[in-house]
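Worksheet for the structure shown next.
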Amino acid sequence: DKGELTLEQRYQKLEGTLGLGPQLQAGLRETRLRGFQISFSYVDNNSVRRDLVGRVSGNRMEGSFRADNGTEGRWTATKK
């Protein structure tokens, strides 16, 4: 699934949202950025929590996710 990830960093605080559809936004939880490592969670429109971890490299991020329903996978994001 594709979505639009919006991140905003103020000093050491990182906040954001993930667009899950035309009018549906999920707020990010437990967002952390330490050096090149990023992690955050969100709850999708089926009430499934997904925990994502990854690495920031230039205009790109990539990593893996694990959902509380047992699914796992990879994710990527590119800066617009």
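With +1 on each Lys and Arg Cβ and -1 on each Asp and Glu Cβ, and nothing else charged, work out how big the dipole of the chain is about its Cα centre, in Debye to the nearest 20. Mind dumping the intermediate values first?
Details: 14 positive and 10 negative charges, 70 e Å.
Here the chain has a charge dipole of around 340 debye.
Summing Lys, Arg as +1 and Asp, Glu as -1, what charge do residues with Cβ under 14 Å from the Cβ of Lys13 carry, Lys13 excluded? Charge balance near Lys13 sits at +1.
The computed P(r) over Cα pairs in 5 Å bins from 0, in percent for the structure shown corresponds, within (1) 3, 15, 26, 24, 16, 10, 5, 1, 0; (2) 3, 14, 27, 30, 17, 7, 1; (3) 3, 16, 29, 27, 16, 8, 1, to (2). Please name whichever of Ser39, Leu52, Thr71 sits farthest to the positive end of the charge dipole of the stretch 24-72, dipole taken about the Cα centre and charges placed at Cβ: Lys and Arg +1, Asp and Glu -1. So the residue furthest toward the plus end is Ser39.
For the chain, the longest piece that avoids every one of the chymotrypsin sites (Phe, Trp or Tyr not before Pro) found in DSSP loops with at most 10 other C-beta atoms within 10 Å covers 37-80.
Every read-out reported here was derived from the displayed coordinates using simple, explicitly stated rules and does not represent laboratory data. For clarity, every value in this text was computed on a predicted model and none was experimentally measured. With ideal geometry, Cβ positions are generated from the backbone for all residues, glycine too; neighbour counts draw on all protein chains shown.
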